[in-house]
Amino acid sequence: MGLFQQLTEKSWIEEGVEADPRERAAPAHANGKVGLWVFLGTISSLFMLFLSANYVRMGYPDWKPMSEHGLLWFNTGLLVVSSLAMQWAVTAARRRKLNGVRNGLALGGIFAFAFLAGQLLVWRDLVDQGHYITTNPANAFYYVLTALHGLHLSGGLVAWARTFARAWRDHNVFDVRLSVELCAIYWHYLLGVWIVLFAVLLIT
Amino acid sequence: MADVTNRDIDYVAPAEVEEEELYHAHSWITKYVFSQDAKVIAIQYSLTAIAIGLVGLVLSWLMRLQLGFPDYFSFIDAEHYYQFITMHGMIMVVYLLTALFLGGFGNYFIPLMVGARDMVFPYVNMLSFWIYLIAVLVLVASFFVEGGPTGAGWTLYPPQTILSGTPGSDGGIVLMLVSLALFIVGFTMGGLNYVVTVLQGRTRGMTMMRLPLTVWGIFIATILALLAFPALFVGAIMMLFDKLLGTSFFMPAIVELGEQLSYGGGSPLLFQHLFWFFGHPEVYIVALPAFGIVSDLISVHARKNIFGYRMMVWALVAIGGLSFIVWAHHMYVSGMNPYFGFFFATTTLIIAIPTALKVYNWVLTLWQGDIHLTLPMLFALAFIVTFVNGGITGLFLGNVVVDVPLSDTMFVVAHFHMVMGVAPLLVIFGSIYHWYPKITGRMLNEGMGQFHFWVTFLGAYAIFFPMHYLGFLGVPRRYYEIGETMFVPDSAQTLSAFITVMTLIVGFSQVVFLFNLVWSLFHGEKADPNPWRATTLEWQTPETPPGHGNFGKALPIVYRWAYDYSVPGAKEDFIPQNMPPSKVSGKKKTKPRRAKRK
């Protein structure tokens, strides 16, 4: 039933249950997936509010934009590969190929770890160059936003580790399919967030 | 479309939906302490919220003692006074009202009312409570650190919040911000459960428009909270950085005790925007569940279907949406662009439309109803009156030109206490009297209940009505003492003392209420499974209080909306939602449900 139909139902004159037993026999989407989408809504609100704070703060005269670090392009590439590998795992799960799932997950995880390591390297480099968090509000926003993104990815890696362990133990692809899909959605989402953050860094 | 009669529909076999496996507790600890059962979590949430709420209540007495009898109590100095008002505000708004409505009522009633065995993510739900508890403990810990809790006012405006002139600017403010961040993390976990359970966990036949308004109110409020709390989170994190690491997100260049601090260039106004982007939806996070619950209380106790159900749902959605574009009406005096003020005044007044619609519908539900003046009904009626009173002063304050002189006076204090303090609390009390029989299996004592109601209701008016007048006189809020002024007459002090005395009396009646809760648990009259003869699913459970899994062997099937009261021709004056049409003698309904589209 469409949203509009649902919200315009005249529930006070319609009684009984659906005549078609297949209708609403089970929810159309898995609970986990709906939960993840709602969660992504909350995180979107979080990042959007941080970015709007960033935008407001930019307007003040003491804002000195940060020079972008070359390694960030490389890190972005790592995250893209990680996301692609996760998608590979999803496709393999749909085709019920357990090996593909394992390989995709392994690659996705490794590249995500590599991305985090790369981000830490950039941090260390920036600190070495004297770009401390207190030096300028632009730096402060850069550190806070990358830390927040990294923490979300780390949280994702916890879910990833559990999925990976199960994919390793279980021999039935069907059991891990949903978890793999959820990981992939989260990965693509965090890739999207990173691209937006990186773009904001580049254009300011 | 084929002509389908009700009879055909009655004989449709229940769909064979495989139920998800329910978590079962194996020991006392997993059953009552680290429980994953939403009902136990609800009670844990409620008890914690009430406990910290009592702290908030005592704090309000202490600050009223100072305002009513300045300089009489030597243990209340200016620093303590500011700490009392700050902690009172934050505790009542966030740790009591939000936690009780969503964590307490949400957890207990969403699964029961939608016909589910439990929340969809029970483990996450359990984590939600424990993180909330840690947040409360961190908050309480701030009373015991050096310098005490923060005294920055509940809005925590920088820069004064983290400057040394403000009480609790060392440990207190840090613990406050950490506690808020924890609360938000914990709430998000619970909130995911409430939303997804409403979307996914409904039993067969329970369409969105057959949900009781209680569920709708909590559902929309949770969505608001999931989108608005991140603003507070962002503000808290950035302020923690300013405090601990010396960044300048919010801190401008400033001199403290003759010394130039290393801060520079930050924007205190930015924090205000973030805070109120959370703060205004927060009003509705508290109000929308109250709206929903009170609709159900009125309908049940007036034995009449709610007037304009669809409008009530749409109004909840509209209020929820609008609540995100009014936040700067809290900032009219912050020096923002006048055109901003015009915009936010307009949106603020527009919110009055769906809100007034709800009030009309409550009144029209009562009209020609069979009104039973039970305790829940008394509280519901008191809510309508109080909410209208508090709402109308909101229209005053929503206008920039009226707000500017009244801003930061007692008028504002009176307004928001009426509209988001007293009004939601009345609903909380009403719903406790309403659902206590289901939760415990016993009725609350009526005599103590009547005492509690009349003292609370009349007492709240004795406290907050005169406060509006003090505001008109120009008595400022937040002041430790006003001393002598040209414009405030001496009689204002007498009125203030009267308010203080009333505060103590109303506070005492809450103690009676708490005593009633405990006393009735052991000595209350045994309750019928459905003492108010209500239609919603939580009253139709095989056990009272509902057992693990809520509904025994088979989940209920829902055939009708939640408001079939006094249906002409029906045997009883209510038809439970899970009563099949074939068992209802006498039909008022003519149109059967659409059989199938296409």
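The values are calculated or read from the model by the stated rules, or taken from the named source; none is laboratory data. These figures come from a predicted structure and were not determined experimentally. Counting neighbours? That spans all protein chains shown, and the Cβs are built from the backbone with ideal geometry, glycine included. Surface accessibility is based on the protein's heavy atoms, side chains included, excluding ligands, DNA and RNA. Shrake-Rupley method; radii C 1.70, N 1.55, O 1.52, S 1.80 Å.
Overall form of chain A: oblate. Here a/c, set by the Cα gyration tensor axes a ≥ b ≥ c, is 1.5 or more, and a/b is not larger than b/c.
List the accessible area buried at the contact between A and B, summed over both sides and calculated with a 1.4 Å probe, in Å² to the nearest 100. The buried area between A and B, both sides summed, comes to about 5100 Å². Among B:331-341, B:541-551, the peptide with the highest mean count of other Cβ atoms within 10 Å heads the list, and the full ranking is B:541-551, B:331-341.
Peptide A:37-44 shows a mean partner chain C-beta count of 6 within 10 Å per residue C-beta.
The angle between the Cα long axis of helix B:375-398 and the main principal axis of chain B comes to about 50°, on a 0 to 90 degree scale.
The apolar share of the surface of the range B:34-155, taken as the fraction of accessible area on carbon and sulfur atoms (1.4 Å probe, ligands and nucleic acids excluded), comes to 76 percent. With N counted as the residues of chain B, its alpha-carbon radius of gyration over 2.2 N^0.38 Å works out to 1.00. The simple spin-label model puts a point 7 Å past each Cα toward its Cβ; for B:A78 and A:Q129 those points are separated by 4.8 nm. Ligands, DNA and RNA are left out, and with a 1.4 angstrom probe the accessible area of the protein assembly as shown is 41 Å² per residue. How high is the relative contact order of chain B, in percent, with contacts defined as C-alpha pairs under 8 Å that are six or more residues apart? That works out to 16 percent. The order of A:V173, B:V401 by accessible area, most exposed first and with a 1.4 Å probe, is B:V401, A:V173. In the range A:72-204, the portion of solvent-accessible area held by carbon and sulfur atoms comes to 67 percent [1.4 Å probe, whole percent, DNA, RNA and ligands not counted]. Per residue of peptide A:56-65, the mean number of Cβ atoms on other chains within 10 Å of the residue Cβ is 3. Cα centroids of the range A:76-94 and the range A:105-178: 15 Å apart.
Rounded to a whole number, what is D in µm²/s for the range B:48-121 from Stokes-Einstein with the Kirkwood radius over alpha-carbon pairs (25 °C, 0.890 mPa s)? The calculation lands on 173 µm²/s. With an a/c value of 1.5 or above and a/b larger than b/c for the gyration tensor axes a ≥ b ≥ c computed over the alpha-carbon atoms, the range B:108-241 is described as prolate.
Accessible area of A:Y143 (1.4 Å probe, protein heavy atoms only, ligands and nucleic acids ignored): about 20 Å².
Near B:T409, the amide H atoms lying under 5 Å from its own belong to B:R477; only residues 5 or more places off or on other chains count, and H is placed 1.01 Å from N. Specify the inter-centroid distance of the range B:406-430 and the range B:99-176, based on alpha-carbon positions, in whole Å. If we compute the Cα centre of each part, the gap is 21 Å. With R₀ set to 60 Å, the beta-carbon distance separating B:L257 from B:R533 gives a calculated FRET efficiency near 0.35. Each of the peptides B:99-107, B:265-273 was scored by the mean count of other Cβ atoms within 10 Å over its residues; in descending order, highest first, they stand as B:99-107, B:265-273.
Work out the FRET efficiency for A:D170 and A:W37 from their Cβ-Cβ distance, taking R0 = 22 Å, and round it to the nearest 0.05. For A:D170 and A:W37, the calculated efficiency is 0.30. Summing Lys and Arg as +1 and Asp and Glu as -1 over all other residues whose Cβ lies under 13 Å from the Cβ of B:V40 gives a net charge of 0. Over the range B:486-542, the hull volume per residue, using the convex hull of the C-alpha atoms, is 152 Å³. The separation of the range B:503-528 from the range B:255-307, counted between C-alpha centres, amounts to 30 Å.
Short-range pairs are left out: with C-alpha atoms under 8 Å and at least six residues apart, the relative contact order of the range A:72-204 is 33 percent. Of the residues B:L137, B:G172, B:I306, the one whose Cα sits farthest towards the positive end of the charge dipole of chain B is B:I306 (charges of +1 on Lys and Arg Cβ, -1 on Asp and Glu Cβ, taken about the Cα centre). Over chain B, DSSP H runs of length four or greater, each weighted -39,500 (n - 2.57), average out per residue to a 222 nm ellipticity of -19500 deg cm²/dmol.
When the convex hull of the Cα atoms of the protein assembly as shown is projected onto a plane and the area is averaged over all directions, what value comes out in nm²?
Over all viewing directions, the protein assembly as shown projects a mean Cα-hull area of 36.8 nm².
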